[in-house]
Each structure stands twice: as structure tokens, then as C-alpha cells.
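The values are calculated or read from the model by the stated rules, or taken from the named source; none is laboratory data. Computed from a predicted model, the values in this text were never measured in an experiment. All Cβ positions, even for glycine, are placed from backbone atoms using ideal geometry, and neighbour counts span all protein chains on display. With ligands, DNA and RNA removed, areas are computed over all heavy atoms of the protein, side chains included. Shrake-Rupley method; radii C 1.70, N 1.55, O 1.52, S 1.80 Å.
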Amino acid sequence: MKLVSWDALPEELRIEEVRPYYDALAAKKGQLIGKRCIDIVVSALLLVLLSPVFLVLAIAIKVDSPGPVFYRQERVTQYGKKFRIFKFRTMCDKADQMGSAVTTGGDARVTRVGAKVRDYRLDEISQLIDILRGTMTLVGTRPEVPKYVAAYTPEMMATLLLPAGVTSTASVRFKDEAELLDGAADVDKVYMEDVLPAKMEYNLRDVKEFSLPRDIRLMFQTVGAVANRGE
């Protein structure tokens, strides 16, 4: 995983609030290369091992409701680049045109199969494709939609120094995010003003304290959190 020089960063990232995070990562260039190597090996291996699961999910999603198998929403990743994420579709087709970009508990847009898939976060295993492509990483800040990134504070921009991730400390801590937003009169407002800043405290700490052992520990914590949720 390559960290470009400070002068090569997009202008919106070359700010004093981001500099401490950049310097912390620049001191660990060897570990960043190792991080990318792990991403490639693990994602390729899991894509092969989980191919039967991909097939079962694809069939279940198509049988349950009309629409595509994958939900390809635009998200933001490293250096502010936009990409279309791979997620198994868990909501009705064109759900993003019917409400908020975040999901609440009991969201009527979630399909029957989608509810079960979300319980075990199986909708996110398709992001192994994004990891192999290099648009995402195993551990990193969850990719947000452009309108939420536009609301980032200068310090929050530091999370864009690394590719967006499948899991993070914030993902584990806020695994029940949908329930936290349930009942909010203005879901987007509550998310941007309350939930996002709280998550970003963990995300920024993950960037500044990045290390391969920390990444590996977070992966195991994620597996544990998902397993406990299913009990």
C-alpha cells in the first residue's frame, strides 16, 4: 500500500490538521506495504473459499425480491477518490431513492433475506472484490457516501489517507448503529451531528496508531462481534 508524498496529496488533505496523521503513517511505510500484501492474499483466498456462499446469497437475493444481486453505491476512499462499492443487496431495488443513505432499525426497505444477511454482515463479504481491486482494505474507516464526506471537519479528512476498510474499531463499537438511529425524526441530521463524530474519534485513533498487529487484532474482534450478534 503506497503512501504518496505530502506534496502529492490532494489540496484538501494538505492541511495542518492532517499532518500529524500523515507523519505517523509515513514512519510505517514498511507496514503499509505489508498491509497491502495481506489484503491481496486474504481477499483472494477468501473469495475462493466463500464462492459457494456467494452463489447461495445471489440466488436467495434474486428469489426474494426483484433487482440486482449487488448494490453498487458510490463511496469515497483513499485521497478522496470515488468508487462504486460491492455490497450484496439487502434492501428493495433503488432503496437509496426512498430515504436516508443510512439504515435504521426496522427499516421497511430491508428485504426478508436482507435482514438475515445483515445480522451476520454477510452483505459486506462481497467487498472482498473491492479489497482485491485496491479500492478498499480489510481494516480501515468505513467508506462513506460523498455527502457525508463533504461534512467532514478538517481533522476527519485524515481518515482519507488510507483506503476505506471493511472493518475498524468504530465498526465493532457501532455494530448496532441502525438501532441507534431508529426513531430519529431526521436520520441524516442525527447521523452527521451525533453518530459520525463519535465514530470518527475511533477512526482517527486507528489511523494515528496504525500497525499490522493492531489490524489483525481488529479483524478477530470483528469476527467475535458478528458471532455474538448472531447468538
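Relative contact order of region 1-86: what whole-number percent is it, with Cα pairs under 8 angstrom and at least 6 residues apart?
In percent, rounded to a whole number, it is 23.
In Å², what does the accessible area per residue of the chain work out to with a 1.4 Å probe?
50 Å²
What size of dipole, in debye to the nearest 20, comes out for the chain about its Cα centre when the only charges are +1 on Lys and Arg C-beta atoms and -1 on Asp and Glu C-beta atoms?
860 debye
Note down the relative contact order for the chain as a percent, whole number, built from C-alpha pairs under 8 angstrom at least six residues apart.
It rounds to 24 percent for the chain.
Between A8 and L212, what is 0.36 nm times their sequence separation minus the Cα-Cα distance? Round to one decimal in nm.
Additional length available on full extension: 71.0 nm.
Which lysines, on any chain, are close to K62 with Cα under 16 Å apart, when same-chain ones fewer than 8 places away are left out?
K87, K94, K116
Relative to the present Cα-Cα distance, how much length would full extension add between A108 and L50 at 0.36 nm per residue of separation?
That works out to 18.0 nm of additional length.
Excluding residues fewer than 8 places away in the same chain, name every one of the lysines whose C-alpha is closer than 20 Å to that of K2.
Within the straight-line limit of under 20 Å, K2 reaches these lysines: K28, K29, K35, K81, K82, K208.
Considering only protein heavy atoms, with the full assembly of protein chains and a 1.4 angstrom probe, order I131, I40 by accessible area, largest first.
In descending accessible area the options line up as I40, I131.
Of A95, I125, T167, which is farthest along the charge dipole of the chain in the positive direction, counting Lys and Arg as +1 and Asp and Glu as -1 at C-beta?
I125
Considering only protein heavy atoms and a 1.4 Å probe, what is the carbon-and-sulfur percentage of the accessible area of region 1-144?
Accessible surface attributable to carbon and sulfur in region 1-144 totals 61 percent.
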